[in-house]
1. Among the residues of segment 124-152, write down those that are of a type outside the set (A, V, I, L, M, F, W, C) and over 30 Å from GLU188 (Cβ atoms).
2. Restricting attention to segment 162-191, which residues are in contact (Cβ under 8 Å) with a residue 24 or more places away in the chain, out of contact with any Asp or Glu (no Cβ under 9 Å at 6 or more places or on another chain) and outside any helix (DSSP H, G or I)?
3. Among (1) surrounded by 12 or more Cβ atoms within 10 Å (Cβ to Cβ); (2) assigned to a helix (DSSP H, G or I), there is one condition LEU83 misses while meeting the rest; what is its number?
4. Test each condition in (1) exposed (fewer than 15 other Cβ atoms within 10 Å of the Cβ); (2) assigned to a loop (DSSP other than H, G, I, E, B); (3) over 26 Å from the mean Cα position of the chain (by Cα) for ASP149 and report the one that comes out false.
5. How many of the residues making up segment 1-14 are at pLDDT 65 or above and in a strand (DSSP E or B)?
6. Name the single residue, out of those in segment 159-188 being surrounded by 11 or more Cβ atoms within 10 Å (Cβ to Cβ) and among the polar types (S, T, N, Q), that is farthest from LYS116 (Cα to Cα).
7. Within the set of pairs 6+ apart or on separate chains, which have a first residue in segment 108-121 that is hydroxyl-bearing (Ser, Thr, Tyr), a second that is at pLDDT below 90, and C-beta atoms under 8 Å apart?
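The values are calculated or read from the model by the stated rules, or taken from the named source; none is laboratory data. Predicted model only: the values in this text are computed from it and were never measured. All Cβ positions, glycine included, derive from the backbone under ideal geometry; neighbour counts span all protein chains shown.
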Amino acid sequence: MNRICPKCKKDSCEFSSSKNGTYCKLCMKEYRKLHYIQNKDYYSSKNKKYRIENKEKVKKLNRKYRECTDYYKQYRKENKISLNEKKKVYLRNRYKNDIAFKLKTNIYQRVSKSLKGKVSLTLKENLPYTTDELIKHLESQFESWMNWDNYGKYNSRTWDDHDSSTWTWHVDHIVPHSQLKYTSFNDENFKLCWSLDNLRPYPSKQNIKDGNRR
């Protein structure tokens with residue numbers, strides 16, 4: 001049942017008893033805050049006296065507080081690591097299963113390396129085509145054995161020249177990337193390097209073998 005606080009004169013169901021009467025919790029909080037400010041020296045002296053008279057108890061409480069603090073610090077650290085691991089797993093799975101994400105990630109890493117640092121790159125902002133348009137462009141040039149499952153790195157241990165199921169392919173620059181140096185997205189070489197006309201699906205083993213000699 002609600003009662004009227006004698007201090008603020010408002011209805012409240014949350015009351016706190018005090019020697020000065022029965023105030024609502026909000027008024028009691030304000031009262032204690034004001035009382036402490038007005039009697040700061042008294043409380044400071046009282047606390048100091050308590051610490052002197054109860055050294056062992058205070059020492060024990062301080063040790064317990066430090067242990068709790070250390071525990072929560074360690075918890076936050078481990079929890080942060082756990083979240084980072086979850087993020088890594090999520091990104092690995094997305095890279096494996098999301099072709100658009102895989103393409104954008106590979107382009108980002110290649111451009112970032114060329115510009116010597118992390119860059120804010122999106123296909124929409126810096127390239128004259130969308131990810132879907134890039135996917136369709138590459139698919140239109142697929143050889144019979146090519147698909148999105150075998151888009152990936154060359155592995156000499158698994159590659160068998162007589163077994164197309166072991167082959168993989170790269171997104172290749174017809175005019176090699178290394179021959180089109182650029183320092184920003186506005187460079188003509190950047191536009192030439194990453195234009196659709198300069199990109200094609202290409203057997204990864206042959207791409208490694210060719211290098212930049214084309």
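1. Step one: filter segment 124-152 for residues of a type outside the set (A, V, I, L, M, F, W, C), giving 124-126, 128-133, 136-137, 139-141, 143-144, 147, 149-152.
Answer for segment 124-152, where residues must be of a type outside the set (A, V, I, L, M, F, W, C) and over 30 Å from GLU188 (Cβ atoms): GLU143, SER144, ASN147, ASP149, ASN150, GLY152.
2. Those that are in contact (Cβ under 8 Å) with a residue 24 or more places away in the chain, out of contact with any Asp or Glu (no Cβ under 9 Å at 6 or more places or on another chain) and outside any helix (DSSP H, G or I): THR168, HIS170, VAL171, HIS173, VAL175, THR183, SER184.
3. (1)
4. Tallying (1) exposed (fewer than 15 other Cβ atoms within 10 Å of the Cβ); (2) assigned to a loop (DSSP other than H, G, I, E, B); (3) over 26 Å from the mean Cα position of the chain (by Cα), ASP149 fails exactly one: (2).
5. Going through segment 1-14 one residue at a time, the tally reaches 3.
6. If we filter segment 159-188 for residues that are surrounded by 11 or more Cβ atoms within 10 Å (Cβ to Cβ), which is where we start, we get 159, 164, 166-183, 185, 187.
Subset that is among the polar types (S, T, N, Q): 164, 166, 168, 178-179, 183.
Working: SER164: 36, THR166: 34, THR168: 28, SER178: 14, GLN179: 17, THR183: 9 Å.
It comes out as SER164.
7. If the second residue must be at pLDDT below 90, the pairs left are TYR108/VAL119; TYR108/LEU121; SER112/LYS118; SER112/VAL119; SER112/LEU121.
For (1) over 30 Å from HIS170 (Cα atoms); (2) surrounded by 12 or more Cβ atoms within 10 Å (Cβ to Cβ); (3) modelled with pLDDT of 85 or more, each residue gets a yes or a no:
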| position | (1), (2), (3) |
| --- | --- |
| TYR31 | yes, yes, no |
| ASN62 | yes, no, no |
| GLU78 | yes, no, no |
| LEU91 | no, yes, yes |
| ILE99 | no, yes, yes |
| LYS102 | no, yes, yes |
| ILE107 | no, yes, yes |
